[in-house]
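Asker: This is the structure, below, for whatever I ask next.
Readers should treat all values here as calculations from the given coordinates under stated rules, not as data from a laboratory. Model, not experiment: these values are computed from the prediction. So basically every Cβ, Gly included, is an ideal-geometry build from the backbone, and we count neighbours across all protein chains shown.
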Amino acid sequence: MLEEELQKKVQEELRKLQEETKEEVKEEVITYQEEKVKSILIEDIIPSPQRKKQIKADEIVRKPKEQIVKPLKSFNSLLKPFGANMPASIVHPKDEVEMIYIPSGLFVMGSDDPEDDNPKTHVYLYAYYIDKYPVTNFRYNIFLQETNYTEPESWNYSLQTADHPIIGIDWEDAKAYADWCGKRLPTEAEWEKAGRGTDERIYPWGQEWDKYKCNNWNMDDPDIVEKMLDLENDRGTTPIGSFTGGASPYGVMDMSGNIAEWCSDVYKSPLVSGKLKKGEKEKEKDLRVCKGGSWRDVLLECFHISHRRKALYYETFDDVGFRCCQTPRHL
C-alpha cells in the first residue's frame with residue numbers, strides 16, 4: 001500500500017511539474033512574439049541603417065598591389081617633363097579620362113545676392129587638373145570590378161547608360177573612387193573656378209541664361225531628350241558632353257545642369273551667425289557641399305556656378321554624381 005501511495009504522489013508531482021514547465025514555455029513564446037512585433041514597429045518608424053560597404057574607401061588604397069591594376073606611368077611622371085609649362089589637358093593614366101588644367105591665381109567666388117549662401121570673396125588657388133566630364137557609369141563599373149566595392153542600389157547600368165554620369169552614390173562612394181584612381185574630390189572653390197573662370201560669370205557659358213546649353217527640366221531639344229534616362233516623367237540624365245555650348249572658359253563640360261556634384265568640403269553656412277547648438281554642430285559635421293544644377297531643377301539660381309546645396313554625406317540622390325581633380329606634385 002505504501003509503495004502504491006508513494007508512486008501516486010510521485011506521478012502527481014511529475015504532472016504538476018510538467019504543467020508548470022508548459023506555462024513557462026508558453027509565456028516565453030508570447031514574450032518573444034510581443035518583442036518581435038515591437039521591433040517591427042520600431043523599424044517602421046526608425047529605418048535601419050543603410051547598406052554596409054563590402055570594402056571601405058580607406059581600405060581600397062591598402063589592397064595588395066597585385067589586386068589593383070597599376071598604370072605604366074603615374075600622373076606626376078607624365079607631367080614632369082613639362083616643368084612649369086603644363087599642358088592644357090592630359091589623359092589620366094589610371095581611369096583614362098581627360099583632365100583640364102586650371103592655372104593658379106585669384107578668382108571671385110560667390111555672388112552679391114543677399115539670399116545666396118555663398119557671399120562674394122576673392123580666393124587664391126594653386127594650379128590643378130580637374131576631370132573634363134563627370135564620372136560615368138562605364139568608368140564607375142571598372143572601379144567596381146577591380147575593387148569589389150558595393151554597387152549603388154537600383155543601379156541602372158547598360159550599354160545605353162554607360163556614357164551617362166553615375167548617380168545614386170553617396171559622398172563616401174565618390175571618395176572611394178577618387179582614392180582608387182589616385183585623385184581626390186575637388187574643393188568647392190576648385191569646382192567653382194573650373195566652372196566660371198576669373199570673369200565672375202553667372203553661368204559656365206556667360207551671363208545670360210540659355211536652357212539649351214545644359215540639361216534642365218525645361219530643356220526640350222528633341223534630339224537630346226530622346227537620349228535621356230527616364231527617371232521621372234520621361235526626364236533624367238543625358239550622356240556626358242551633350243551640350244557643347246555649355247563649356248566653361250577652361251573647356252570643362254557639364255558644370256551646370258545634368259547632375260549636381262559632390263565636393264570635398266564640409267558644408268558651413270557663412271550666413272548663420274551665433275554659436276550652433278550641440279545637435280546642430282554634430283549634424284553640420286555630416287553635411288557636404290554639392291555644386292551645379294541638375295536635370296530636376298527649374299529655378300535659374302540652381303544653375304548659377306556660385307550656387308551651392310547641402311546634403312548629408314551618406315545620402316544618395318538620382319541627380320547627384322561627382323568628378324575628380326588632382327594637383328601636380330612638382331608645382
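Asker: Taking loop as defined by DSSP and a crowding limit of 14 other beta carbons within 10 Å, which GluC sites (Glu not before Pro) in region 77-153 fit?
Answerer: GLU96, GLU115, GLU153
Asker: Between beta-carbons, use under 12 Å as the cut-off and find the net charge around PHE138, counting Lys and Arg +1, Asp and Glu -1. Don't jump to the answer; show the numbers that get you there.
Answerer: Values: positive: ARG139; negative: ASP95, GLU96, ASP163.
Around PHE138, the charge tally is -2.
Asker: How would you rank VAL266, VAL320, going from fewest to most other Cβ atoms within 10 Å of each one's own Cβ?
Answerer: With the fewest neighbours first, VAL266, VAL320 line up as VAL266, VAL320.
Asker: Which entries in LYS227/LYS283; LYS175/LYS227; LYS183/LYS268; LYS211/LYS291; LYS132/LYS310 show an alpha-carbon gap greater than 30 Å? Kindly include the intermediate steps, with their values, before the conclusion.
Answerer: On the way: LYS227/LYS283 39 Å; LYS175/LYS227 28 Å; LYS183/LYS268 24 Å; LYS211/LYS291 18 Å; LYS132/LYS310 23 Å.
In this structure, LYS227/LYS283 lie more than 30 Å apart at Cα.
Asker: What ranking of ASP318, ASP234, ASP210 emerges when the number of other C-beta atoms within 10 Å of each C-beta is taken as an exposure proxy, fewest first? Let's see the in-between values first.
Answerer: Details: ASP318 18, ASP234 10, ASP210 14.
Fewest-to-most Cβ neighbours within 10 Å comes out as ASP234, ASP210, ASP318.
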